[in-house]
1. Suppose R0 equals 41 Å. What FRET efficiency, 1/(1 + (r/R0)^6) with r the Cβ-Cβ distance, do Leu10 and Met188 give to the nearest 0.05?
2. Toward the positive end of the charge dipole of the chain, about the Cα centre and with charges on Cβ (Lys, Arg +1; Asp, Glu -1), which of Asn12, Asn209, Ile226 goes farthest?
3. So what is the relative contact order of the range 143-214, in percent, for Cα pairs below 8 Å that sit 6 or more residues apart?
4. Please compute the modelled spin-label separation between Asn98 and Glu285, points set 7 Å along Cα→Cβ, answer in nm with one decimal.
5. Pull up the DSSP beta bridges for the chain and report the antiparallel fraction as a percent, rounded to 5.
6. Using a cut-off of 23 Å between alpha-carbon atoms, which lysines can reach Lys237, once sequence neighbours fewer than 8 places away in the same chain are excluded?
7. Say R0 is 45 Å: what FRET efficiency, to the nearest 0.05, do Glu75 and Asn28 get from their beta-carbon distance?
8. Subtracting the Cα-Cα distance from 0.36 nm times the residue separation, let me have the gained length for Glu274 to Met37 in nm, one decimal.
Amino acid sequence: MGNFENFLTLENLKNAKPYLVPYIFTQNYFNILKAKMENKRLSENERYYYNHFIKKKLHGMLELLDITHAINGKEFIRKGRLRKAVSLIKKYSRKHKNMKVLISGSFLYSEKYNDIDIFVISRYNKEDYRKGRVHVNYVPKEIEETLFFKSISAISVANFKSAKEQIKEEIKLDDILHLYELITLLIMQKDDYVQELRDLILRAEYASNKVVLNSMQLKVITEKIIRNKNPVKIINKYLITKVISSYNVSVLKRVLNKFIEKNSIPEKGRKMYESWRIYNQTYTEALEVVA
């Protein structure tokens, strides 16, 4: 499908039907377009009508309205950056023909930034690359149904309109606790943990409140925690608050006790790791709240 078709969604098509039929499309043409968007197989006659009539009308409508990009979270995007982002979208859309291209990240809303993150949705596995400050990331089509994509696309410029698809990820308590333990260990080892912390906050907020934080919100929360003199203590309290409001008591007791048991058996001949004591103290406090 060409880039102009990326601005069409089934939901918009349904809402626009009273204005399209019979003024622009016949009912038959409308049905063919709907079938095409649903990825249904078209007959030879239907393909002919689509390619020679329907497609050209759609292309003409978008050219008439000068629709070449879609903007989300425009109120957060700096004006100068918006112009440059639109220019980059056009450039990389030509480079990656018929692919969905999206720009997101601090380049759009922060005074200072490191990279310009460009995401290209591709059916093929390709290696990411950098050109100057531009970082091109190839991602699979399935990413559009993920929490990560919903977050980065909330403030973005793209050559397509994001469909309002439901997030299909299941945010399991086990995964949140594993991520929490990794972050705590990285802090104690004085390693970088920014990306892991952003991931934890994104998942915890969605599990707790069904809220998808955008990349700007994640950046603000993450930086506040990192600047704190005792980030481990802040993260511990944050984790307790979020998990007890996200899962029922039976799940909390089962999973938290499983992790406490896991972290209570040191390897043969070794003492218990200090990080294990921190984990278990956090999990015990959470259990005390729900007891």
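All of the numbers you see were taken from the coordinates with simple rules; none came from a lab. As the structure is a computational prediction, the values presented were derived from the model and not from experiment. No Cβ is skipped: glycine too gets one built from the backbone with ideal geometry, and neighbour counts run over all protein chains shown.
1. With a Förster radius of 41 Å, E is 0.25.
2. The residue sitting most towards the positive pole is Asn12.
3. Values: 47 pairs, mean separation 27.9, N = 72.
Over the range 143-214, the number comes to 39 percent.
4. Those two pseudo-labels are separated by 5.6 nm.
5. 70
6. Here the lysines satisfying the reach criterion relative to Lys237 are Lys172, Lys190, Lys210, Lys219, Lys224, Lys229, Lys253, Lys258, Lys262.
7. Working from the Cβ atoms, E equals 0.60.
8. Numbers: separation 237, 0.36 × 237 = 85.32 nm, distance 5.53 nm.
Result: 79.8 nm gained on full extension.
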